[in-house]
Amino acid sequence: MHLPSSDALYSFLPTDVDGFRSLAALALDMHWSWNHCTDRLWRGLDPALWDRTHNPWIVLQTISRERLRECLSDRGFRKEVDELLRSNRAAMQAPAWFQRVHGNARLTCVAFFSMEFMLGEALPIYSGGLGNVAGDQLKAASDLGVPVIGVGLLYQRGYFRQTIGPDGAQQALYPYNDPGQLPITPVRDAKGEWVHVRLGLAGLPESLRAWQVQVGRVTLYLLDSNDASNFPAHRGITSELYGGDAELRLKQEVILGIGGWRLLLALGHAPEVCHLNEGHAALAVLERARSFMQVTARSFDAAFTTIRAGNLFTTHTAVAAGFDVFAPALVERTLGEYVTQSLGIPVRDVLALGRVDPANRDEPFNMAYLAMRGSGAVNGVSRLHAAVSRRLFRPLFPRWPEHEVPVGHVTNGVHVPAWDSPAADALWTGACGKGRWRHPTEGLEQHIRIVDDAALWQLRTSNRAMMIAYVRQRLVAERTAGAAPAEAIKAANQVCDTGTLTLGFARRFATYKRPNLLLHDAERLLRLLDDPERPMQLIIAGKAHPADGAGQALIGEWMRFLDRPGARGRVVFLSDYDVALAEHLVQGVDLWINTPRRPWEASGTSGMKVLVNGGLNLSELDGWWAEAYRPEVGWAIGDGNEHGDDPAWDAIEAEQLYEILEKQVAPEFYVRDQHGIPRAWVGRMRASMASLTPTYSANRSVREYTERHYLPAAAAYLARAAESGARGEELARRIRAIEENWSALRFDEMHVESTAEGHAFHVRIDLGELDPEHVRVELYADGANGSEPIRWQMSRAERHTGADSTYTYTARVTATRPASDYTPRISPKLDAAVPLEAGRILWQR
Ligand SMILES: *Cc1c(COP(=O)(O)O)cnc(C)c1O
């Protein structure tokens with residue numbers, strides 16, 4: 001029998017080689033994904049493997065002991081390793097923005113839950129925009145020192161990978177993510193044992209493995225069900241992101257929400273704030289209540305009311321169909337035991353939290369509704385998206401005016417250092433200094449405004465050339481892997497031209513994004529591309545969900561267009577749109593095109609990634625662009641209104657798109673001065689870089705989340721939680737009293753005295769059993785001509801003699817509007833978010 005050598009058996013990792021641990025510490029901190037200062041090390045160890053994988057952990061595990069020793073014994077290399085480790089540690093321990101500005105705040109931990117995280121190509125557990133926002137916020141939280149901990153799932157096969165077959169059809173593949181090769185480590189307890197979370201619920205995996213990812217100062221925990229001790233059928237539950245049916249999805253969401261919260265507590269964290277990045281993780285609010293009940297012995301109602309103040313829900317979809325909904329029977333089957341045994345309430349009470357009408361037993365269970373009812377604040381991801389969300393969530397707040405539906409907005413931003421090219425980094429460093437993205441960025445604008453035209457144009461030219469080299473290399477690799485004919489591989493190495501105006505269009509191929517809008521008049525597009533004086537070239541990429549036939553058909557349309565002789569070499573479709581490809585595209589393109597149907601792009605982030613690199617945007621007035629666009633920073637299509645999916649309107653916008661490309665974009669790019677510089681184009685670049693980059697950065701969005709949400713949420717939660725939740729219990733009691741007594745509330749008579757000075761309103765109200773301190777009586781008038789509505793507090797004058805629950809309320813308003821414009825109304829008045837937490841309202845008429 002062959003005995004393995006002791007080397008192979010006991011030293012999976014050459015931990016005994018002096019210096020290896022330092023290298024491992026650097027490789028296992030995804031800080032390298034945006035701070036590129038360790039790239040040189042990894043390339044030094046194995047250039048080919050590093051270039052292919054961009055995963056230092058794979059490099060470290062692959063190279064031989066000999067090679068490792070050889071490198072580490074080189075004094076220069078060793079010194080660099082030690083120096084990097086030392087400076088990284090120092091940077092991570094130095095007080096950052098949060099410690100300096102909010103060092104005394106009672107906020108020690110924000111748990112950030114997301115179904116996906118996009119941190120880099122080395123960790124493929126993302127699909128697209130949602131993961132991008134999550135990953136970039138973790139990176140920015142690290143820069144700013146905001147005490148965030150991420151919670152997500154480890155998918156054995158991630159999201160599908162795309163190839164395009166010879167017939168132009170998308171093929172979905174699911175390569176396996178070997179966890180040993182990912183830059184993650186098992187979470188170990190104080191004794192060194194691998195931490196597992198026990199769910200203990202029938203139908204769900206018994207044991208969840210816990211992993212951790214270091215993202216600078218921030219830790220991201222990942223759970224998976226692929227534990228050998230689990231029932232075999234349960235091991236694959238976390239195998240794919242957005243795969244499988246509703247039942248699988250619900251199980252994943254139980255693992256994320258309930259398992260995730262349980263893991264945090266098991267590790268000794270005590271988050272004041274729980275941030276739900278989309279509704280997928282909404283079950284965390286139930287588990288948070290359960291753990292609070294366990295500690296304080298309060299009822300579910302009291303616990304839920306207490307912890308709600310510390311929860312923030314960020315909604316990311318602009319259509320009701322984007323919410324996860326589950327059949328009541330499925331919820332009951334999956335969670336019935338948990339709800340009755342652990343929460344001690346009937347299942348219908350939990351189902352009610354996910355319904356518009358709690359009493360409607362046929363209504364499915366909506367995770368976004370649960371998230372909303374379980375949170376103390378809710379936000380959309382752009383100003384327009386918040387307005388759309390107020391419409392979507394309005395059914396939960398019957399009789400409230402739409403603008404008072406409690407959804408605010410924090411517009412998304414991107415983590416700039418993760419998306420800038422080396423040349424852009426150098427230019428910004430020259431203008432604004434190092435460390436600029438670790439501090440408030442409001443002052444950067446003025447420094448970029450004074451960078452000269454030649455430097456900006458040089459950035460553009462070199463970035464474009466670098467991207468084209470990457471595009472060729474990637475296309476060659478793609479064709480080689482697909483065993484394409486030799487001449488096709490040779491041609492791949494010659495596509496595009498480094499001096500030509502380059503447009504980029506990469507995104508998920510979903511119909512609402514209209515990835516075929518540019519193809520509306522294919523002949524016209526060909527003429528634009530082929531213009532002898534002012535040619536254009538176009539790089540395209542995007543995946544369509546495997547279940548989305550319509551999206552896949554749009555890919556097919558592009559593949560047919562690519563075959564046209566005029567498109568060859570000028571239009572490139574690169575398969576498998578991923579973070580590496582996105583990074584190169586946003587660095588290199590001159591113009592980023594985005595054509596969603598308004599208002600279905602909640603925010604969009606890809607267009608923000610081009611800003612730092614001097615790329616410009618031509619986009620529908622939707623999502624972030626609807627608030628960022630001004631004529632001097634880029635171009636817009638659409639008229640700022642919604643037109644549904646009207647094909648006639650699509651045609652109008654396609655026409656606008658061609659017109660702008662032909663009449664504005666191409667001339668501005670190709671009209672050069674005697675130095676070969678397009679002055680107008682560069683002027684627009686400067687305006688876009690200077691005024692938009694800082695605003696649409698995750699630096700700004702994470703500071704906004706911190707100051708507008710995390711800090712107040714932590715304070716509100718701690719107040720309710722004090723004395724084992726005494727205030728929370730009291731608040732729950734008041735809210736219950738309002739619910740129980742609301743139907744007895746009645747307006748009696750009202751009279752108005754109008755004079756030239758104003759109107760005096762007197763209204764008599766029978767409060768029934770309600771405490772007058774717990775109601776707010778207001779005069780309300782709709783805004784006139786688009787202005788804000790008027791809300792005028794009425795004051796309680798006297799209790800009516802004889803009737804001990806009847807009061808007169810009065811108010812005086814100026815006579816600028818007729819008295820009939822005003823209606824008295826009553827709503828709850830509590831130390832809580834109204835109407836989010838107490839949604840009753842009564843109008844006098
Ligand atoms: C940025 C990014 C997205 C999101 O971009 P949108 O603007 O929302 O389309 C999706 N996928 C990848 C790989 C990205 O880098």
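What the table shows:
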quantity: First in region 600-612 and more than 9 Å from VAL586 (Cβ to Cβ) and free of Cβ contacts under 8 Å to residues at least 24 places away in the same chain, second anywhere and more than 8 Å from the ligand (Cβ to nearest atom) and among the charged types (D, E, K, R), Cβ under 9 Å, 6 or more apart; calculated: none
quantity: Lone unmet requirement of (1) of a type outside the set (Asp, Glu); (2) open to solvent by 10 Å² or more (accessible area, probe 1.4 Å); (3) away from the ligand (no atom under 15 Å from the Cβ); (4) in contact with a Lys or Arg (Cβ under 6 Å, 6 or more places away or on another chain) for TYR577; calculated: (3)
quantity: Subset tally (residues that are open to solvent by 60 Å² or more (accessible area, probe 1.4 Å) and either within 17 Å of the chain's Cα centre (by Cα) or on the phi > 0 side of the Ramachandran plot (or both)) for region 385-403; calculated: 1
quantity: Condition broken by ILE125, with the remaining ones in (1) of a type in the set (Val, Ile, Thr); (2) open to solvent by 10 Å² or more (accessible area, probe 1.4 Å); (3) more than 16 Å from ARG703 (Cα to Cα) satisfied; calculated: (2)
quantity: Residue within region 456-469 that is more than 22 Å from ASP673 (Cα to Cα) and without any contact (Cβ under 8 Å) to a residue 60 or more places away in the chain present; calculated: yes
quantity: Residue match in region 798-808 (condition: charged (D, E, K, R) and modelled with pLDDT of 95 or more); calculated: no
quantity: Selected residue [among the polar types (S, T, N, Q), within 15 Å of MET689 (Cα to Cα) and part of a loop (DSSP other than H, G, I, E, B)] from THR429, THR441, THR411; calculated: THR441
quantity: Qualifying residue in region 672-687 (condition: more than 29 Å from LEU529 (Cα to Cα), in contact (Cβ under 8 Å) with a residue 12 or more places away in the chain and either open to solvent by 40 Å² or more (accessible area, probe 1.4 Å) or within 16 Å of the ligand (Cβ to nearest atom) (or both)); calculated: no
quantity: Given (1) outside the structural domain of ALA303 (by TED's automatic domain parsing); (2) under 25 Å from LEU256 (Cβ atoms); (3) among the acidic types (Asp, Glu), number of the condition GLU337 does not satisfy; calculated: (1)
quantity: Top-ranked residue of region 322-364 - restricted to ones that are touching a residue at least 60 places away in the same chain (Cβ under 8 Å) and of a type in the set (Ser, Thr, Tyr), ranked as surrounded by the fewest Cβ atoms within 10 Å (Cβ to Cβ); calculated: THR334
quantity: So ALA426, is it open to solvent by 30 Å² or more (accessible area, probe 1.4 Å) and among the aliphatic types (A, V, I, L, M); calculated: yes
quantity: Any hit, region 366-384, residues being surrounded by fewer than 19 Cβ atoms within 10 Å (Cβ to Cβ), free of Cβ contacts under 8 Å to residues at least 24 places away in the same chain and farther than 18 Å from ARG288 by Cβ; calculated: no
quantity: Elements of type strands (runs of 3 or more DSSP E) in region 745-811, at least 2 residues being among the aliphatic types (A, V, I, L, M); calculated: 746-754, 758-766, 775-781
quantity: Residue under evaluation SER299, criteria (1) under 22 Å from ARG733 (Cβ atoms); (2) touching a Ser or Thr at 6+ places or on another chain (Cβ under 9 Å), criterion not met; calculated: (2)
quantity: Selected residue [of a type in the set (A, V, I, L, M, F, W, C), open to solvent by 10 Å² or more (accessible area, probe 1.4 Å) and not in a loop (DSSP other than H, G, I, E, B)] from ALA134, ALA190, ALA105, ALA172; calculated: ALA172
quantity: Per-region count, region 107-155, residues among the aliphatic types (A, V, I, L, M), under 27 Å from LEU60 (Cα atoms), out of contact with any His (no Cβ under 7 Å at 6 or more places or on another chain) and within 16 Å of the ligand (Cβ to nearest atom); calculated: 5
quantity: Residue within region 638-650 that is closer than 30 Å to ALA377 by Cβ, within 30 Å of the chain's Cα centre (by Cα) and hydrophobic (A, V, I, L, M, F, W, C) present; calculated: no
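The rows are residues; the columns are (1) open to solvent by 10 Å² or more (accessible area, probe 1.4 Å); (2) more than 16 Å from the ligand (Cβ to nearest atom).
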| residue | (1), (2) |
| --- | --- |
| VAL610 | no, no |
| LEU616 | no, no |
| ALA626 | yes, no |
| GLY634 | no, no |
| VAL665 | no, yes |
| PHE669 | no, yes |
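Here is a yes/no grid of residues against (1) open to solvent by 30 Å² or more (accessible area, probe 1.4 Å); (2) in the same structural domain as LEU616 (by TED's automatic domain parsing); (3) under 19 Å from LEU574 (Cβ atoms):
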residue	(1), (2), (3)
VAL476	yes, yes, yes
ARG479	yes, yes, yes
ALA488	no, yes, yes
ALA492	no, yes, yes
GLU523	yes, yes, no
LEU538	no, yes, yes
GLY549	yes, yes, no
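The values are calculated or read from the model by the stated rules, or taken from the named source; none is laboratory data. Here the structure is a predicted model, which is why all the values come from computation and not from measurement. In this analysis, Cβ positions are derived from the backbone assuming ideal geometry, glycine residues included, and neighbour counts consider all displayed protein chains. Just so you know, the surface numbers come from the protein's heavy atoms only, side chains and all, with ligands and any DNA or RNA stripped out. Shrake-Rupley method; radii C 1.70, N 1.55, O 1.52, S 1.80 Å.
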